[in-house]
Amino acid sequence: MTTDNEGRPGEFGPPVPPGTTRDTSPGPARPSPLRRLLRNRTVLAATAAGLVGVLLGAGTVAWRTDTLPLLKPDPCWDSLRDSSVSALFGDRRLEVDEQALRRDPSTASLSYGQCRITSFKGEEARRQAVVRVHSLDGLYGNDGRRWPAEFLSSRMVALGDGLPGMVSASRAWLALPQSCVGRPGLSEGATVVDVALGEHDFDTQSEYDGENRDAMTRVVVDAANGVIRELGCTGTYRAPEELPALPEWEKVRPDAFCGVKGLELPAAYRKSLELNRLGGEGGAARTCDSGRDGYRGIRMSTVVDPAVAEVYSLELRKGGARVKGTKGGGMIGPTRAVYRLSCQTGPVVMVVEDIDLLRSDVNFVRDLLPAYVEAESERIGCGPVKVTPAAS
């Protein structure tokens with residue numbers, strides 16, 4: 001059971017077959033009849049053309065039909081409410097590029113479509129957000145690198161309150177219920193709505209990060225609910241009332257590296273790894289970045305959501321030298337090691353990455369993976385585990 005943004009209960013359900021109805025009372029609030037009518041682009045265009053004639057006859061010129069009163073649906077599949085849009089973009093002029101939500105039936109595409117919102121001050125573009133709807137790919141490895149770097153990063157916090165997603169000041173994602181989109185296919189992960197605001201690699205803290213995090217939360221929840229409705233399903237997510245504080249950089253504890261009791265950072269790496277930032281506690285993934293002087297050097301992640309962990313499937317099949325363990329197994333490559341642990345709660349994937357390609361200590365992933373898996377498995381209650389390092 002989940003609740004909508006107004007606090008009313010509503011169960012998620014699959015699309016309603018043609019010719020049938022589903023009693024959703026007292027379920028989520030639906031758009032008004034006028035709003036639903038205006039979501040039909042043909043009706044919108046015809047109505048706009050008629051209203052243009054009326055305005056012209058009255059001596060008024062309408063330059064753009066998408067600015068006509070009462071005729072503008074909410075951005076991104078009529079999902080983003082005015083308050084959510086204003087929180088992220090202020091009161092600037094917006095341009096919205098929106099794709100219809102449908103998979104390409106003739107390909108193996110996992111994308112349903114995307115929506116791009118750009119705000120302008122005069123004629124100058126000031127801020128842009130991209131909302132995507134897609135299933136995570138582990139079969140071909142398309143999501144194995146960039147998606148975790150952006151959406152499972154140490155900047156993220158869990159949305160909580162039963163929401164399967166995470167948020168930061170510039171990224172947010174929320175998984176759609178399987179009752180709506182179906183169970184994932186082979187090496188296919190969760191179907192997610194994700195929101196990207198600006199460049200991810202610009203890793204500088206700002207006094208506005210808290211406000212942006214809250215705005216991104218409202219946008220991703222609104223967008224997910226709009227997608228659920230657009231796909232013909234029932235039920236809505238409810239926005240969280242309170243979020244954890246955004247993670248900050250802290251001094252490394254060598255005897256409990258990245259906050260993992262029993263994980264000791266080898267002396268050879270202590271000079272280059274002086275600070276760490278830990279995010280995602282209690283969510284789909286717990287991620288720690290570590291480095292010095294504002295530069296990230298390594299990343300270690302524990303992904304406990306099996307549907308999200310599928311993004312690493314390709315590397316677990318052929319990502320390097322094989323690593324064996326008493327519970328599960330994995331692969332070690334030159335810059336990334338991935339281990340799938342068999343836990344009583346389901347499969348858990350642990351990842352150790354060297355993200356600074358200029359580092360001279362190139363054996364970090366090989367040196368840290370066994371100790372990380374063994375200590376981390378104890379922390380999450382899946383131990384004990386013994387990992388055999390790969391042959392050099």
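The values are calculated or read from the model by the stated rules, or taken from the named source; none is laboratory data. Just so it is clear, the structure is predicted and the values come from calculations on it, not from any experiment. Cβ coordinates were reconstructed from backbone atoms using ideal geometry, including for glycine residues, and neighbour counts include every protein chain displayed.
Looking for something under 28 Å from D104 (Cβ atoms), crowded, with 17+ Cβ neighbours inside 10 Å, touching a Phe, Trp or Tyr at 6+ places or on another chain (Cβ under 7 Å) and at pLDDT 95 or above - is there at least one such residue anywhere in the range 124-131?
Looking for residues that are under 28 Å from D104 (Cβ atoms), crowded, with 17+ Cβ neighbours inside 10 Å, touching a Phe, Trp or Tyr at 6+ places or on another chain (Cβ under 7 Å) and at pLDDT 95 or above, one finds none in the range 124-131, hence no.
State yes or no: is T191 within 22 Å of S79 (Cα to Cα) and surrounded by fewer than 24 Cβ atoms within 10 Å (Cβ to Cβ)?
yes
Tell me which residues, restricted to the range 211-246, are more than 17 Å from the chain's Cα centre (by Cα) and not β-branched (V, I, T).
Matches in the range 211-246: E211, R229, E230, L231, G232, C233, G235, E241, E242, A245.
Just for the range 179-210: of the residues that are over 20 Å from S154 (Cβ atoms) and in contact with a helix residue (DSSP H, G or I) (Cβ under 8 Å, 6 or more places away or on another chain), which one is modelled with the lowest pLDDT?
S187
Looking at G283 and the list (1) assigned to a loop (DSSP other than H, G, I, E, B); (2) over 30 Å from R183 (Cβ atoms); (3) touching a strand residue (DSSP E or B) at 6+ places or on another chain (Cβ under 6 Å), which single condition is not satisfied?
Result: G283 fails condition (2) only.
For the range 155-167, which positions are farther than 11 Å from V220 by Cβ, of a type in the set (G, A, S) and modelled with pLDDT of 95 or more?
Residue satisfying the conditions is A158 alone.
For the range 95-109, which residues satisfy the criterion of being over 25 Å from D74 (Cα atoms) and buried (at least 16 other Cβ atoms within 10 Å of the Cβ)?
Those that are over 25 Å from D74 (Cα atoms) and buried (at least 16 other Cβ atoms within 10 Å of the Cβ): none in the range 95-109.
Output the qualifying pairs, or none if there are none: Cβ atoms under 7 angstrom, residues six or more apart or on different chains, first residue in the range 301-320 and of a type in the set (S, T, Y), second residue in a helix (DSSP H, G or I).
Close Cβ pairs (under 7 Å, with a partner that is in a helix (DSSP H, G or I)) amount to S301/P148; T302/E376.
When the residues of the range 298-322 are filtered to those that are part of a strand (DSSP E or B), crowded, with 22+ Cβ neighbours inside 10 Å and not charged (D, E, K, R), which remaining residue is nearest to the chain's Cα centre (by Cα)?
V303
Taking the range 114-169 as the region of interest, how many residues are of a type in the set (K, R) and in a helix (DSSP H, G or I)?
1
Which members of the range 235-255 meet the condition of being of a type in the set (V, I, T) and within 19 Å of D74 (Cα to Cα)?
Selection gives T236 alone.
Counting just the residues of the range 323-350 that are of a type outside the set (D, E, K, R) and assigned to a loop (DSSP other than H, G, I, E, B), which one comes out nearest to L273 (Cα to Cα)? Spell out the reasoning first.
Looking only at the range 323-350, we keep the residues that are of a type outside the set (D, E, K, R), and these are 323, 325-326, 328-335, 337-339, 341-350.
Right, trim to assigned to a loop (DSSP other than H, G, I, E, B) and you get 326, 328, 333-335, 344-345.
Details: T326: 30, G328: 29, G333: 21, P334: 19, T335: 16, Q344: 33, T345: 32 Å.
In this case the residue turns out to be T335.
Out of the range 71-97, which residues are in a loop (DSSP other than H, G, I, E, B) and not polar (S, T, N, Q)? Walk me through it before giving the result.
Filtering the range 71-97 for residues in a loop (DSSP other than H, G, I, E, B) gives 71-74, 79-81, 90-92.
Selection gives L71, K72, P73, D74, L80, R81, G90, D91, R92.
Could you tell me how many of the residues in the range 279-295 are surrounded by fewer than 21 Cβ atoms within 10 Å (Cβ to Cβ) and over 17 Å from the mean Cα position of the chain (by Cα)? It would help to see each step written out before you state the result.
Keep residues of the range 279-295 that are surrounded by fewer than 21 Cβ atoms within 10 Å (Cβ to Cβ), which gives 281-282, 292-295.
Applying the additional criterion that residues be over 17 Å from the mean Cα position of the chain (by Cα) yields 292-295.
The total comes to 4.
Could you count how many residues in the range 233-262 are assigned to a helix (DSSP H, G or I) and crowded, with 21+ Cβ neighbours inside 10 Å?
Summing the residues that are assigned to a helix (DSSP H, G or I) and crowded, with 21+ Cβ neighbours inside 10 Å in the range 233-262 gives 2.
Name the residue, out of E207, E241, E248, E264, that is free of Cβ contacts under 8 Å to residues at least 12 places away in the same chain and not hydrophobic (A, V, I, L, M, F, W, C).
Numbers: E241 fails: free of Cβ contacts under 8 Å to residues at least 12 places away in the same chain; E248 fails: free of Cβ contacts under 8 Å to residues at least 12 places away in the same chain; E264 fails: free of Cβ contacts under 8 Å to residues at least 12 places away in the same chain.
The conditions single out E207.
Which of the residues belonging to the range 144-154 are buried (at least 24 other Cβ atoms within 10 Å of the Cβ) and farther than 16 Å from A223 by Cβ? Before the answer, list the steps.
Of all residues in the range 144-154, those buried (at least 24 other Cβ atoms within 10 Å of the Cβ) come to 151-154.
L152, S153, S154 - these are the residues of the range 144-154 that are buried (at least 24 other Cβ atoms within 10 Å of the Cβ) and farther than 16 Å from A223 by Cβ.
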